[in-house]
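Read the structure below first, then the notes.
The values are calculated or read from the model by the stated rules, or taken from the named source; none is laboratory data. On a predicted model such as this, the values are computed, not experimentally measured, just so you know. With ideal geometry, Cβ positions are generated from the backbone for all residues, glycine too; neighbour counts draw on all protein chains shown. Surface areas here come from the heavy atoms of the whole protein model, side chains and all, with no ligands, DNA or RNA. Shrake-Rupley method; radii C 1.70, N 1.55, O 1.52, S 1.80 Å.
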Protein chains: 4
Amino acid sequence: MIVDMRKGATPEEIDGVVERARSLGLDIQLNLGTDKTIVAILGSNTGQLPTDIFAVLPGVENVARIMKPYKLASREFKAEDSIVSINGIEIGGKRIVVMAGPCAVESEEQFMKAARTVKSSGACIVRGGAFKPRTSPFSFQGLGKAGLELLVRARERFSIPVVTEVVDTHDVSQVSKYADILQVGARNMQNFTLLTEIGKSKCPVLLKRGLSATITEWLTAADYLLAEGNSQVILCERGIRTFEDSARFSLDVCSIPVVKKFSHLPLIVDPSHAAGHYSLVPAIAKAAVAAGADGLLIEVHPNPKEALVDGLQSLTPSDFARLMKELRRIAKAVGRYI
Amino acid sequence: MIVDMRKGATPEEIDGVVERARSLGLDIQLNLGTDKTIVAILGSNTGQLPTDIFAVLPGVENVARIMKPYKLASREFKAEDSIVSINGIEIGGKRIVVMAGPCAVESEEQFMKAARTVKSSGACIVRGGAFKPRTSPFSFQGLGKAGLELLVRARERFSIPVVTEVVDTHDVSQVSKYADILQVGARNMQNFTLLTEIGKSKCPVLLKRGLSATITEWLTAADYLLAEGNSQVILCERGIRTFEDSARFSLDVCSIPVVKKFSHLPLIVDPSHAAGHYSLVPAIAKAAVAAGADGLLIEVHPNPKEALVDGLQSLTPSDFARLMKELRRIAKAVGRYI
Amino acid sequence: MIVDMRKGATPEEIDGVVERARSLGLDIQLNLGTDKTIVAILGSNTGQLPTDIFAVLPGVENVARIMKPYKLASREFKAEDSIVSINGIEIGGKRIVVMAGPCAVESEEQFMKAARTVKSSGACIVRGGAFKPRTSPFSFQGLGKAGLELLVRARERFSIPVVTEVVDTHDVSQVSKYADILQVGARNMQNFTLLTEIGKSKCPVLLKRGLSATITEWLTAADYLLAEGNSQVILCERGIRTFEDSARFSLDVCSIPVVKKFSHLPLIVDPSHAAGHYSLVPAIAKAAVAAGADGLLIEVHPNPKEALVDGLQSLTPSDFARLMKELRRIAKAVGRYI
Amino acid sequence: MIVDMRKGATPEEIDGVVERARSLGLDIQLNLGTDKTIVAILGSNTGQLPTDIFAVLPGVENVARIMKPYKLASREFKAEDSIVSINGIEIGGKRIVVMAGPCAVESEEQFMKAARTVKSSGACIVRGGAFKPRTSPFSFQGLGKAGLELLVRARERFSIPVVTEVVDTHDVSQVSKYADILQVGARNMQNFTLLTEIGKSKCPVLLKRGLSATITEWLTAADYLLAEGNSQVILCERGIRTFEDSARFSLDVCSIPVVKKFSHLPLIVDPSHAAGHYSLVPAIAKAAVAAGADGLLIEVHPNPKEALVDGLQSLTPSDFARLMKELRRIAKAVGRYI
């Protein structure tokens, strides 16, 4: 950490910072500038210390971190790319892994149709929500346990792994029996009790970025999962909230190279929630693959007009099939395949 | 809802929208402009319908809401101001209610000191966290049940109600035995299972605004609590995330008149989390009272330099005493008192 | 426009809205809902009227636009894609047009080297700033007229068109003698006197998106140019300001399909200013091409370490050559070429 | 500046940074941590150097500023509050200075009425725009020179200074003959040629914050004015662009204590442009005074329903008179007067 003293800070104030650092077992180095004094606080664990413990001291103007607040998710901790393997499907390797399916499991007929169609177009994991967190209490909240059972039926019938969201700490053990990957939704990215429980479950997990979370906060949330010994963590960019309202969220495409630079974890992109409208999904799905994403999470519904949730951002099976062809060409252009 | 058809939409496409509306029991009225057709969909429950069910139909360009998505929290539903009463302390009435105390309950000595000092300066509710959601898994996570017991001890010793955060659905019944007001933190504003559980508890609740939630989403989250029959809902503005980084968050002071215009619920402001730095707290606390807030939630620590959590944004007891004097003058200037 | 009356609005208030619309020569249609009255205001020029003229009337709750505030830039005005042709190089056609060069013209040696190297790698337009708007008055402000002369020398020597920024209304006629394309920087997107002057000049223009401009505002700014009879307008997405600070700006990749949906104008992307760091440029340049951009504007410097401006976001000639190879593969994958 | 080397940076890379610093005449101090090396670069002018010159060197991970990029606007440069005096009216002193009037000068009758009414309610400076930068080319653009002449007529008739916007560099000398204060609009905050010209004019200037400018960028823009020797600079907060859309912009009330902490310049607040709706103006005007603003800039129109520009955010004369009474009470509560 770099502690920047106010201009005119007294020797006693500078000593106060030095003392506090030493009391925590940290080394320090003083930089006496002509205008200001800077105290550099050294030690490999300073990333885990709150900056407040120095910022609150008299005479301190600002405290800046050098070490990042996350550790286990960082490339400094693990240099080579991590691969999460689900029944032999490797996420984070050369293959671009496409996960697709409806937002919510609505009925047996709907979900089996969806699973068949996405698999036949080349998706290798099927998605479907059984528990739906909805912004309005008057909206459809998902089929719950009956939905989980339909997930399992599709998994067995089509030999395809399933990913589904878990929204309550106390559902983790139940849902992890049904699902191959647990999804943590954007609104739960900093639900730390949920993260800790999923961390303990050791079940593969898809951690969506919070809609106003910085990349640093996102990787720090991943540390919650990793700290419990769960190394099967997949990150998922799904758009951030900005002033622009022509799409539901603004896909932060630059988060792809940033995450790849600072973290070893695999990263996929959800173009459907970012766009909010089916007509915008193909362009940003292609952008994500070109920018280096390891996979995609795409909403596909057999009949979007009748969807109970998020029909507007769902592709029809034929639009999805066409997109998959285009994505294969992009994947090849960046030296990968689908 | 207003359904705006694409220029050149066919009669069949327009009929499709009309049919869908009628199948839902809604009235419609057609507006045939020279360039575009607009279908107005009428009915008092259209606020609860997702716009997607029309937006997904062929020929539709855009769908705009007329009715708001929230209902129970709206002034249209209840015209007069709601008052939440805690042991005779009315929140939403003429008195500005100041809640103060440390971010976290750290020890008996710390918390008793804090409770005594804030009460003596005029705060009428004491705050203190027993369960702390922290962005890093390596930070202090709160005293848990031992913290709750210290809350109760302070409540009895100083005859002052207490407010504390609940972070897990399954802790609601336990925490509501100890606390007078349950706090829902910003990161849990859309944790709908938690909201539903607190709604059922009927315990007074402080609903913080999510750090990137619109006011509409915030009032819709309040509907989750109200829909379960819990009418003791207090809203709390605590700053939103923007590009400006000189304070931790940007206090949305304009949310005060906006909430007062559209909702009957009482509204308080947390200047401490918004500011992130003790030196900025007094100015925005005074602004909040001047703008019409019904109360404040302020962090005060007997010794901020030694605080385990958020010391930088905590006032010292003497700074708090001085601020309370200034706030009393502002309250008087707007026809209220503290 | 849709005028949404307050619940309980009086007949007089509704009449007030109707009268005002009729006084402006507009048709209206009343929608009398059970809860609310809605007045639909019809006419093809309502996009150019400010919503305020109705919003300010008594009894009005909200006014929403149906017609967009821009007209000439819209696809409704002109359905087929526009192509801007510069010395036979078509922007907006099948070819992806890459413009590259240093942020600022610094010296003859630097600029000739840059022009030669970007042309040899396949760029077909060279960029270089002679007038530099800088956030600090203590920074290098550009070579001015001497810079313009170096641009012309490079243009002649390497037979390559040049693009350069104009920052002052009164420089337009001078700069348009030297440059093939005038660039309007992000901070000038709503400098309407400058836009009007460039509109009159009829010189091809590159209109950068303002760093906090919505797409609607950007297309409305383009209308300023088009309204003066200048149809040679190229749009340039260069990142928007959000809370995320790992890159200098957040490239709004979704603006590409949105602009293509609503406008006929060609659109290029500047990955350099968005990223702010050379290591992030290639990923987002590839994303832009995959998402449908018609071209790129990339900063390349013969020796970024010695650059006077924006060295950190400049590619070296060899990094640029490598990127161009990768971009060619992506262009081919989306049915285009470089 | 603090240069943070990548983990494993070589001695040659560290030397490269040291050499570059020394070549610029700067002192350095090395901090060799267990994990990373940090190079502290010392010298009082480092605030004016771009961080890029070090960030671009091999082995560098990050560069953080210690010195702020602005200098003349900083409290470190001038500790005591600056006061701008306009015909004996002091801005930045104990009096809260209220500037009021219509957005645009529309006609003699309208403007004289407005000037008379705001003066009689206690405003001591009158505002009115003659040149209007409008987002749409189809909107009213102001009366131009005829508007300036009406400003002068009102100034003489009512003995009240006037403030008006200047939008073109080449109008500065003309407008400064008519106006007592030149206003730089939010969209021109970084129009550096305009700032330089106004700086040279030595005319008192009101510098509005750009709608997506950080406070640091705003104070750096003020340095452009101050660097030309114009010390009569008044800052004006007018709301920033965020995701919240219930008001036109989000008033950043916390910018008030932040500016007061870091700068000596007087600061006023424009609640009208922030709110965008007359019903929200009083609450945030009161908040601004309570938080420590030195004045207000409020839109008042004799008949908002007929206003050509921004009628929705204009107060009527009677609403303004009522607000002034409330503001006087708040001013007194914070030890000031109006």
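Here are a few things to note about the model shown:
- A label point on B:Thr10, set 7 Å along the Cα-to-Cβ line, lies at 4.9, 6.8, 8.4 nm from each of its counterparts in the other copies, closest listed first.
- The range B:239-263-the range C:278-338 distance, computed between alpha-carbon centres (Å): 39 Å
- Aspartates and glutamates with Cα under 19 Å of A:Lys332, excluding same-chain neighbours fewer than 8 positions away: A:Glu90, A:Asp294, C:Glu326
- Note on chain D: with charges restricted to the Cβ of Lys and Arg (+1) and Asp and Glu (-1), its dipole about the Cα centre is near 1280 debye.
- Largest-first ordering by accessible area, 1.4 Å probe, given options B:Ser314, C:Ser201: C:Ser201, B:Ser314
- Computed over the range B:202-243, Cα set: Rg, Dmax in Å: 11.0, 38
- Residues of the range A:100-118 with amide N under 20 Å of a point placed 7 Å along Cα→Cβ from A:Gln174: A:104-108
- Taking amide H atoms as placed 1.01 Å from N in the peptide plane, the amide H of D:Leu315 lies under 5 Å from those of D:Glu299, D:Val300, D:His301, each 5 or more residues away in sequence or on another chain.
- Overall, the range C:1-139 carries a charge dipole of about 800 debye about its Cα centre when +1 sits on the Cβ of Lys and Arg and -1 on the Cβ of Asp and Glu, all other atoms neutral.
- The fraction of accessible area contributed by carbon and sulfur in the protein assembly as shown is 49 percent, rounded to a whole number (1.4 Å probe; ligands and nucleic acids excluded).
- Directionally averaged shadow of the range C:2-64, computed from the convex hull of its alpha-carbon atoms, nm²: 3.7 nm²
- The Cα atoms of the protein assembly as shown cover 75, 73, 70 Å along the three principal axes, with the biggest extent listed first.
- Ranked from shortest, the separations from the 7 Å Cα-to-Cβ label point of D:Gly25 to its equivalents in the other copies are 4.7, 6.7, 8.1 nm.
- Threshold 40 Å² - residues in the range A:135-178 whose accessible area is reduced by that much or more when the chain is no longer isolated, probe 1.4 Å: A:Thr135, A:Pro137, A:Phe138, A:Asp168, A:His170
- Most mobile of A:Phe140, A:Phe262, A:Phe54 in a GNM of chain A (Cα contacts under 10 Å): A:Phe54
- Of B:Tyr337, D:Tyr278, the order by accessible heavy-atom surface (1.4 Å probe, DNA, RNA and ligands excluded), from most exposed downward, is B:Tyr337, D:Tyr278.
- Look at the stretch A:188-195: the mean tally of other chain Cβ atoms within 10 Å of its residues' Cβ atoms is 6.
- Eigen-decomposition of the gyration tensor built on the alpha-carbon atoms of the range A:225-277 gives equivalent ellipsoid semi-axes of 25, 12, 9 angstrom, largest listed first.
- Number of partner chain Cβ atoms within 10 Å, mean per residue of C:285-296: 6
- Between the range D:23-102 and the range B:142-168, the alpha-carbon center distance in angstrom: 44 Å
- Per residue value of the accessible surface for the range B:2-64 (all protein chains in place, 1.4 Å probe), Å²: 42 Å²
- Anisotropy class of the range C:89-140 from Cα gyration tensor, a/c 1.5 cut: oblate
- When the P(r) is computed for the range D:1-150, the part past 24 Å accounts for 60% of the Cα-Cα pairs.
- Scattering curve values for the range A:188-288, log₁₀ I(q)/I(0), Debye with Cα scatterers, q = 0.11, 0.18 Å⁻¹: -0.33, -0.82
- Put a plus charge on the Cβ of each Lys and Arg, a minus charge on the Cβ of each Asp and Glu, and nothing anywhere else: the dipole of the range A:2-64 about its Cα centre is then about 80 debye.
- Accessible surface, per residue, of the range A:84-333 when the full set of protein chains is kept, probe 1.4 Å, Å²: 28 Å²
- Top of A:Arg187, A:Arg157, A:Arg22 by mean-square fluctuation, Gaussian network on chain A, Cα under 10 Å: A:Arg22
- Inter-copy label distances at C:Tyr337, using a point 7 Å along Cα-to-Cβ, come to 2.8, 8.1, 8.5 nm with the shortest given first.
- Gaussian network model of chain B, springs between alpha carbon atoms under 10 Å - residue of B:Leu296, B:Leu207, B:Leu26 with greatest fluctuation: B:Leu26
- Bridge type composition, the range C:96-250 - antiparallel percent by DSSP, nearest 5: 5 percent
- Full extension of the segment from A:Ser23 to A:Glu90, taken as 0.36 nm per residue of separation minus the current Cα-Cα distance, would add 19.5 nm.
- Interface C:B - total buried accessible surface [probe 1.4 Å, Å², rounded to 100]: 2100 Å²
- Percent antiparallel among DSSP beta bridges (both partners in the protein assembly as shown, rounded to 5): 40 percent
- Distance from the axis that maps chain D onto chain C is least for the Cβ of the chain D residue given, with the whole Å value, as D:Ser212, 2.
- Tensor-based shape of the range B:235-338 (alpha-carbon gyration tensor, a/c under 1.5 rounded, otherwise prolate or oblate): oblate
- For chain B, the Kirkwood radius over C-alpha pairs fed into Stokes-Einstein at 37 °C and 0.692 mPa s yields D = 153 µm² per second.
- Phi to ³J(HN,Hα) by Karplus 6.51 cos²θ - 1.76 cosθ + 1.60 over the range D:109-114, Hz, x for Gly, Pro: 4, 4, 6, 5, 4, 4
- For chain C, with +1 on Lys and Arg beta carbons and -1 on Asp and Glu, the positive-most of C:Ser139, C:Ile256, C:Val126 along the dipole: C:Val126
- Long pairs among C:Lys68/D:Lys177; D:Lys208/D:Lys261; B:Lys119/B:Lys286, criterion Cα-Cα beyond 28 Å: C:Lys68/D:Lys177
- With a 1.4 Å probe rolled over the protein heavy atoms of all chains, the accessible area of B:Arg248, B:Arg95 falls in the order B:Arg248, B:Arg95, largest first.
- Straight-distance crosslink candidates among aspartates and glutamates, where the alpha carbon sits under 14 Å from A:Lys132 and sequence neighbours closer than 8 are dropped: A:Glu106, A:Glu165, A:Asp168, A:Asp171, A:Asp310
- Mean separation of Cα contacts under 8 Å (6+ apart) over length of chain B, as relative contact order %: 16 percent
- Computed per residue of chain B from DSSP H runs no shorter than four, each worth -39500 (n - 2.57), the mean residue ellipticity at 222 nm is -10500 deg cm²/dmol.
- Prolate/oblate/rounded label for the range D:129-257 (Cα gyration tensor, a/c 1.5): oblate
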